[in-house]
Amino acid sequence: MQKLFTRKSLSNASMYIIAATVAAVSLLLGISIGSLSIPFSTIIKILFSAWLGLPLSGGDAPDDLVQIVMMIRLPRVVLAFLVGASLAVAGAAFQGLLKNALADPYTLGVSSGASVGAVLVIFFGIQLPLFGTFTLPIVSILFGLATLALVLLFTRAVERQMSVETIILAGIIFGAFFSALISLMIALTGEELRQIIAWLMGSVAMRGWKYTVLLLPFFLLGVVLLLLNARELNAFAFGEAAALHVGVNVMRRKIMILTGASLLTGAAVSVSGTIGFVGLVVPHMVRLVCGPNHRLLLPLSLLYGGAFLVLADLLARTIISPRELPIGVITSLIGAPLFALLFFRRMKRKM
Amino acid sequence: MIDVLEVNNVSYRYQRKQVLYDITFTVEKGEIFGILGPNGSGKTTLLKLLSKELSVQSGSITVNGRPLPSFSHKEWARFAAVLPQTIDAAFGYTVKETVELGRYAHQHRLLPMWTEEDEQAVDAAIHEVGLTEKAGESIERLSGGERQRAYLARALAQNPELLLLDEPTNHMDITQQLHLLNQLVRSAKEKKLTVIAIFHDMNIASLYCDRLLMLKEGKAVALGTPEELMEPALLHSVFQSPVNKQAHPTVSKPLLAFLPERGLSAIEQRGLPELLTWTTMDDCIAITAAEPLKVLSSALVGSGFQWATHFVNRQVSKDYNREDAELEMKQYLRKRGLPVSSTIGMMTAVDIHDAVCIYEKQDAFSLWAVVTAGVGNAVDAAHAWKRKQFEQKIGTINMMIFIDGTLTDAAYVQAVMTATEAKVKALYEENVLDPETNTYATGTSTDCIVIAATQTGTAFSYAGTITPIGQVIGRVVYEATKEALRRYRKRRDFS
């Protein structure tokens, strides 16, 4: 009954408002805190002047401050936000479609595929003529998409119905194989070891706007695809047969959802490496608060996942500054206890 | 009335195994159509074809002439709703959110809007299955029966014309089953829904369905009303199990009982005398059967048809007269340590030591008759109406006939007739008169009869006077009654 109470007492609108506020504040915090502290008001003025052309007096913000905000801090928090949002939404969708609490964006092996692409680029020092420094994310994202296609083709070859169990198994098979390939390259490498490990642990540092721009179209496409399938995801929660019975075109919707979630995952991995935990746990935490309805779960996971990664990145770069910790370590270090606490309280209430 | 659904020569095979062969049937609007068959008979496959979970391989399924494959999934969901055996309980969804999914097929724009009509359909469906108060509860907190009702509400929210049910009550106890099915039939009748349902319980199917299709190994073996289909021979061949058919006590539908396979019973191994144990106590005769016998009797305790292991003929004093005789008799039985629910209990004022017992062994069967007779109460049935009043005395001629054989209901009734006729003849020859009318008595006012059969061994369809068993019943009862009367008179004259 307690849970019912919490769910009833918060209207959907107020849940959105809270989540949006949390996201905005975390973005501001991310920009504000660093080797040089910048007050919120200054940040807002700088943003307004940059976007809306409002005049900015030199007293408010010197030029170097504008540079720091616009060229260093803002792209970093935006990238962190987009990556966190991508992983959380993809995780929510995978968990809903695969009906598996342990599913996360990495379950289908798309991330392993993308990683293989990235590690290959570092291992062989490849630089494609047209893309330059963009080579790594582009190769990586192509590998991610190819992996999805492989997994789906293999699943379909095994079983025409493409049941979720078969999809998960196929994903695990390909994921394991690609992980082994990565380990193989790590074992054979010499000079690039540190670079590969650093990339694998994940980071959103020093990427600038270019990576954000690369991620953005995939992000938008993936999120729109998944939001359009929120009702179908609810239907899938009752099993594929039940979804079919209420009129869902199961095969088409399943492929749409898998594609959307994989686009988000592949793109996120290609720009930031494999950052763990966000995609697994943020959807669970959001579910504890708002229930399993995907019409609410997906947008809220987006906002909270983004905010979560911005804050994790903030911690990663400030705790032992000027050195930076790998962001993947931080997500788990703060995420696990947070989840444990929420889970504990929820189970206690149920008794 | 239009034919709503036509299934024509539908066959289906999974990779190597053919599961349906040329199924053809038509279901009319408003009909409740049942599909019956043992496991593996193809009934679930047939339903999956109807729900579009599987696509038709050969033959055709049409709705009002339009072939099934031409319906999109959404179109079909607006026409037909499915209630399966079980649905994975999606964790955390409320009843209302679950039922809302039923409106999926009715929202067909790119950005679906939740309309007033949707809201009303959902509320009405939840109300219809009686879950309005639980609309906000999580689905996994409901009981199995309530959960299935929530899924029924979802199916109803689809506003379908056709409901497809796959053993919808499989995991419920009998109360929940009836509750759900009553609800279902009521909704179906109110909304003129057509229902196609798989049932595993033939009695439930027979109670609720207008027509039934019986499948066996993928082939349709029978199609018709429950009355037509519930034939023991047909069911035996379909379910490979012997079946017995009876009338429902209050509804004009047949009831069926499967018969368990029994090993060679004690009776067949040993015969009637070894099966029955006779004990004479100071005030009663108790006969105990090693295995239950099927009994038709007019006894004070255990009247009508029932299965019994104990048969008691109790001697009471001549002035025993109690309103609550049955209750008192039950207490008496309980005091004697007898299982009341499987005991046939009679009373007599006659000294039970004068009971006559005759055993007759034939090739095909054996028969054992136990008679006590007293005629202090003798009555001529033909002239009983002339008597002003009956004194309720415990009188009487009590007959117990044990038969080693299988009797039909008709044979039981004829056994009663034959025994009664033989008794009348014995009374006539012993010159027993009705003291008031001074005519030959045909019995006493409180006579009692028990016909008990093992229901194993030779089958007897009839037990009239022309049949071998009837002839033995007649002769044995005649002889036993005469002997019992002689003993009765001897004791009376002696005292």
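The values are calculated or read from the model by the stated rules, or taken from the named source; none is laboratory data. Here the structure is a predicted model, which is why all the values come from computation and not from measurement. So basically every Cβ, Gly included, is an ideal-geometry build from the backbone, and we count neighbours across all protein chains shown.
Based on this model, can you work out whether A:Leu227 counts as assigned to a helix (DSSP H, G or I), touching a residue at least 40 places away in the same chain (Cβ under 8 Å) and within 11 Å of chain B (Cβ to nearest Cβ)?
So A:Leu227 fits the description; yes.
Only one residue in A:Arg194, A:Arg207, A:Arg252 is closer than 24 Å to A:Phe124 by Cα, exposed (fewer than 15 other Cβ atoms within 10 Å of the Cβ) and of a type in the set (Lys, Arg). Which one?
Of the residues listed, the single one that is closer than 24 Å to A:Phe124 by Cα, exposed (fewer than 15 other Cβ atoms within 10 Å of the Cβ) and of a type in the set (Lys, Arg) is A:Arg194.
Do we find a residue being within 25 Å of B:Ser317 (Cα to Cα) and among the acidic types (Asp, Glu) anywhere in segment B:441-455?
Yes, segment B:441-455 contains a residue that is within 25 Å of B:Ser317 (Cα to Cα) and among the acidic types (Asp, Glu).
Hey, can you tell me all the residues within segment B:401-430 that are over 18 Å from B:Phe460 (Cβ atoms) and hydrophobic (A, V, I, L, M, F, W, C)?
Those that are over 18 Å from B:Phe460 (Cβ atoms) and hydrophobic (A, V, I, L, M, F, W, C): B:Val424, B:Ala426, B:Leu427.
Go through segment B:343-372 and report how many residues are under 23 Å from B:Ala325 (Cα atoms) and among the small types (Gly, Ala, Ser).
Summing the residues that are under 23 Å from B:Ala325 (Cα atoms) and among the small types (Gly, Ala, Ser) in segment B:343-372 gives 3.
Being basic (Lys, Arg) and over 32 Å from the mean Cα position of the chain (by Cα) is the filter here; which residues of segment B:30-66 pass it?
Scanning segment B:30-66 gives B:Lys52, B:Arg66.
Could you tell me which residue of segment B:84-118 is surrounded by the fewest Cβ atoms within 10 Å (Cβ to Cβ), considering only residues that are more than 10 Å from chain A (Cβ to nearest Cβ) and at pLDDT 90 or above?
Per the stated criteria, the residue is B:Lys96.
List pairs: first residue in segment B:181-209 and outside any loop (DSSP other than H, G, I, E, B), second residue surrounded by fewer than 15 Cβ atoms within 10 Å (Cβ to Cβ) anywhere in the structure, Cβ distance under 7 angstrom, at least six positions apart or on different chains.
B:Leu207/B:Val251
Quick one: would you say B:Thr24 is β-branched (Val, Ile, Thr), assigned by TED's automatic domain parsing to the domain that holds B:Asp201 and within 30 Å of B:Leu229 (Cα to Cα)?
It is true that B:Thr24 is β-branched (Val, Ile, Thr), assigned by TED's automatic domain parsing to the domain that holds B:Asp201 and within 30 Å of B:Leu229 (Cα to Cα).
Would a scan of segment B:352-362 turn up a residue that is crowded, with 23+ Cβ neighbours inside 10 Å and of a type in the set (Val, Ile, Thr)?
Taking every residue of segment B:352-362 in turn, none turns out to be crowded, with 23+ Cβ neighbours inside 10 Å and of a type in the set (Val, Ile, Thr).
Examine segment B:59-76 for a residue that is more than 9 Å from chain A (Cβ to nearest Cβ), closer than 23 Å to B:Leu180 by Cβ and of a type in the set (Lys, Arg), and state whether such a residue exists.
No, segment B:59-76 contains no residue that is more than 9 Å from chain A (Cβ to nearest Cβ), closer than 23 Å to B:Leu180 by Cβ and of a type in the set (Lys, Arg).
Within segment A:226-238, is even one residue crowded, with 24+ Cβ neighbours inside 10 Å, of a type in the set (Asp, Glu) and over 30 Å from A:Ala312 (Cα atoms)?
yes
Step by step: first the residues of segment A:299-319, then only those that are of a type in the set (Gly, Ala, Ser) and within 12 Å of A:Ala92 (Cα to Cα), then the one that is surrounded by the fewest Cβ atoms within 10 Å (Cβ to Cβ). Which residue is that?
Selected residue: A:Gly305.
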